[in-house]
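Heads up, the thing below is written out as structure tokens.
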């Protein structure tokens, strides 16, 4: 069944985000410049304050995606890059799967789903999907916002840059940074 697979994907992504906040490993370094996500074939240039953490031992790989280290963490949220399975080469198909999973997820806020076309300054075209969801954080429930920037890499595979933030820590600067600096490797 297709919908549970993508539902597992979203649940796993949320779990990685929660685990990332709780994990005690030291960051590998402070980000200063371009971060390359080799397996996904993309780069980002995060602003000051983002720390790369290697969660490869904690990240879940499924038949739907591979999490590509490092995970970027700051007070503004968590950024993770996902290489979607090779069967996902069409942006509209990926968007339809995300929408179906969103509809099936019980803690998603039903009126919050947005889908927009994007084009980065480097010429990458893709989609930005976002929605709100209740998140469990340190034993309490809080509202969070999920953003997925979905583009195709040089191999024509879909890549999702995931940004998760608690609503009270939201800043539009992170959205702008991702869209401005996302490039093919």
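Check whether at least one residue in the stretch 150-164 is part of a strand (DSSP E or B), more than 17 Å from residue 119 (Cα to Cα), touching a residue at least 40 places away in the same chain (Cβ under 8 Å) and touching a strand residue (DSSP E or B) at 6+ places or on another chain (Cβ under 9 Å), and report yes or no.
Yes, that holds for at least one residue.
Could you go through the stretch 16-24 and let me know if any residue there is more than 13 Å from the chain's Cα centre (by Cα), surrounded by fewer than 16 Cβ atoms within 10 Å (Cβ to Cβ), modelled with pLDDT under 65 and part of a loop (DSSP other than H, G, I, E, B).
yes
Any chance you could count how many residues in the stretch 120-147 are modelled with pLDDT of 90 or more and not in a strand (DSSP E or B)?
Adding up the residues that qualify gives 5.
Please work out which residue is modelled with the highest pLDDT, limiting yourself to the stretch 78-119 and to residues that are touching a strand residue (DSSP E or B) at 6+ places or on another chain (Cβ under 7 Å), part of a loop (DSSP other than H, G, I, E, B) and under 27 Å from residue 36 (Cβ atoms).
85
The values are calculated or read from the model by the stated rules, or taken from the named source; none is laboratory data. All of these numbers come straight from a predicted model, not from anything done at the bench. Note that we place each Cβ from the backbone using ideal geometry, even for glycine, and neighbour counts take in every protein chain shown.
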